[in-house]
Amino acid sequence: MSEPGVMPEDVLGGLLPPDRAAERHPVAVIECHEEIPCDTCRWVCPVGAVIKPSITTPPRVDWDRCTGCGTCLMSCPGLAIFMVRLRGEWADVYVPYEFSPLPRRGEVVAALDRMGEKIAEAEVVLSVRSRDGTGMVAVRVPREAAHVVRAVRAGGSR
Ligand code: SF4
Ligand code: SF4
């Protein structure tokens, strides 16, 4: 049995993009595997890259279609969508950010894992807010942390 709130490793493995896709440009990583009645990610995607045959079917990403626009990430009510771009020895990890103020580009923040534990200090490389106020922050981390970092906290040294 898995711990509540923790994605089983075998499930997680099936949700991660192939390196070849994430090396081209940012791609969505949707870590939503419960059969919940929600399909916001499917209908906001402008290119039909979210595969979701019914409202309760967990979403999957067509990484050949995904353009990395970030719309689904900033629209997901469950904060379950991220984006990853692999850049040689580095990776940019894009996460939703609900607090104010948004960390600014160039700021150093704490990069956190799925349990909220600090993994490293990381530089913010992108910081945007959608029209409805949802934030998206991207941090640059070592490549091996591409699928470990899933949140950030302002104030990198804390
Ligand atoms: S990042 Fe953009 S293109 Fe990719 S799945 Fe999300 S909404 Fe669609
Ligand atoms: S919008 Fe978020 S919570 Fe809803 S189905 Fe998509 S990934 Fe899951």
Cβ pairs under 6 Å, 6+ apart or interchain, first in the range 12-36 and at positive phi and within 10 Å of ligand 2 (Cβ to nearest atom), second in a strand (DSSP E or B) and among the charged types (D, E, K, R), ordered by first then second residue, are none
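A quick yes/no check of all residues on (1) modelled with pLDDT of 95 or more; (2) open to solvent by less than 20 Å² (accessible area, probe 1.4 Å); (3) part of a loop (DSSP other than H, G, I, E, B):
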| site | (1), (2), (3) |
| --- | --- |
| 100 | no, no, yes |
| 106 | yes, no, yes |
| 109 | yes, yes, no |
| 123 | yes, no, no |
Could you say whether any residue in the range 87-94 is within 14 Å of ligand 2 (Cβ to nearest atom), assigned to a loop (DSSP other than H, G, I, E, B) and within 27 Å of residue 124 (Cβ to Cβ)?
no
Among the residues of the range 51-66, are any open to solvent by 40 Å² or more (accessible area, probe 1.4 Å), within 15 Å of ligand 1 (Cβ to nearest atom) and part of a strand (DSSP E or B)?
yes
Can you tell me which residue among 130, 75 is over 14 Å from the mean Cα position of the chain (by Cα), under 21 Å from residue 50 (Cα atoms) and in contact (Cβ under 8 Å) with a residue 12 or more places away in the chain?
130
Please go through the range 73-88 and give me each residue that is more than 11 Å from residue 134 (Cα to Cα) and within 8 Å of ligand 1 (Cβ to nearest atom), ordered by number.
81, 83
Residues in the range 32-47 that are in a loop (DSSP other than H, G, I, E, B) and near ligand 1 (Cβ under 8 Å from one of its atoms) total 3
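The values are calculated or read from the model by the stated rules, or taken from the named source; none is laboratory data. No experiment lies behind these values; they were computed from the predicted model shown. Every residue, glycine as well, gets a Cβ built from its backbone with ideal geometry; the counts of neighbours run over all protein chains shown. The protein model used for the area step is the full one, side chains on, heavy atoms only, and it has no ligands, DNA or RNA in it. Shrake-Rupley method; radii C 1.70, N 1.55, O 1.52, S 1.80 Å.
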